[in-house]
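The values are calculated or read from the model by the stated rules, or taken from the named source; none is laboratory data. It should be emphasised that the depicted structure is a prediction, and the values quoted were computed from it without experimental measurement. Counting neighbours? That spans all protein chains shown, and the Cβs are built from the backbone with ideal geometry, glycine included. These accessible areas exclude ligands, DNA and RNA; they are computed on the full protein's heavy atoms, side chains included. Shrake-Rupley method; radii C 1.70, N 1.55, O 1.52, S 1.80 Å.
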Amino acid sequence: MTADAGTLDAPVTASGRVPPLAGLRQTFTMAWRSLVAVKHNPLELVDYSITPIMFVFLFTYVLGGQMAGSPEAYLKYALPGIIVQNTLFMTMYTAMALNTDLTKGVFDRLRSLPIARSAPLVGRITADLAKHLWALLLMIGLGLALGFRVTGGLGGFLLGTLLVMVFAAAVSWSAVLIGMLAGDAEKVQAFAFTLIFPITFTSSAFVVVDTMPGWLQAWSDVNPVTHLSDAFRGLLLGGAVAEPVMWSLVWAAGIALVFYPLAMRAYRAKV
């Protein structure tokens, strides 16, 4: 990643701080640079495009007949959960990218510029949220082509999308902390699978919770992925959503409150 002073330069106050509006502009500049960099690394599109498509096809046509009697019936239930799972997994790309930038000295170069210290970090998260949104819309589009119908209307779709993005933004701070503390990108990836894989598969994302053993149902009932999947599913299909939406927001706020200060402390210690 490179940065030119003509784009990122901003007046600095006597205290050495960048004014808030200038810092915001720098954040969006860094986010745009991260997005534009995709054209120089086309393989990144595999993670954000091909992988989500594979998830939808595999879950629908491999598991659909066994789980719900037909692929179409299972797609109606599982697509929201597949999107939630994919979004959570993709937050770990933020961790891997930050870890790679640290090891390559990218932040050392940015630190020499007269920009807000948080701009590279928040810019990266903002760009990654845009990529999450792209993958979500891609999966919804594929689902529509395969027979999924958003019966909750445009309002339900927009609110559901916003809820998933808010939750992804909160979880991104845990990814930042992991990226800052992990020794290399491989350790980040291993940690991500160890944590996210069991959480998503012990939720209502792919199966009805009532089919689980009692002790597992107890965990699934408080699992944040269950609340988010149920909320997103209800908003897309027009079901009851008040309780799962509330708990999804509570979990998002709790995750952000815990991990934001920890992530920023680790970030400041590194850069």
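Evaluated over the Cα positions of the range 58-201, the convex hull gives a direction-averaged projected area, one quarter of its surface, of 9.9 nm². If you run the Gaussian network model on the chain, springs between alpha carbon atoms under 10 Å, then out of 192, 68, 175 the most flexible one is 68.
In the context of the full set of protein chains, the chain has a per residue accessible area of 48 Å² (1.4 Å probe). This structure gives mean projected area of the Cα convex hull in nm², computed directly, and of [x] 15.3; [y] 24.4; [z] 13.3 that value is listed as [x]. For the range 121-219, what does the alpha-carbon gyration tensor say about shape, rounded, prolate or oblate, given a ≥ b ≥ c as the root eigenvalues, a/c under 1.5 as rounded, and a/b over b/c as prolate? Oblate, since a/c reaches 1.5 and b/c is not below a/b. Per residue of the chain, the DSSP helices (runs of n ≥ 4 H) give a summed -39500 (n - 2.57) that works out to -24500 deg cm²/dmol at 222 nm.
Annotation for the range 48-151: trypsin sites (Lys or Arg not before Pro) lying in DSSP loop with at most 15 further Cβ atoms inside 10 Å of their Cβ are 104, 149. How much of the accessible area of the chain, probe 1.4 Å, is carbon plus sulfur, in whole percent? Percent of accessible area from carbon and sulfur atoms in the chain: 70.
Helices of the chain meeting both criteria, an alpha-carbon length of 18 angstrom or more along the long axis and an average Kyte-Doolittle score not below -1.0, with helices taken as full DSSP H segments, are 20-36, 71-103, 119-146, 153-181, 185-201, 224-237, 242-270. Longer than 22 Å from Cα to Cα, which of 104/187; 76/131; 187/270; 39/104; 104/270 are they? Say none if no pair is. As for pairs spanning more than 22 Å Cα to Cα, those are 76/131.
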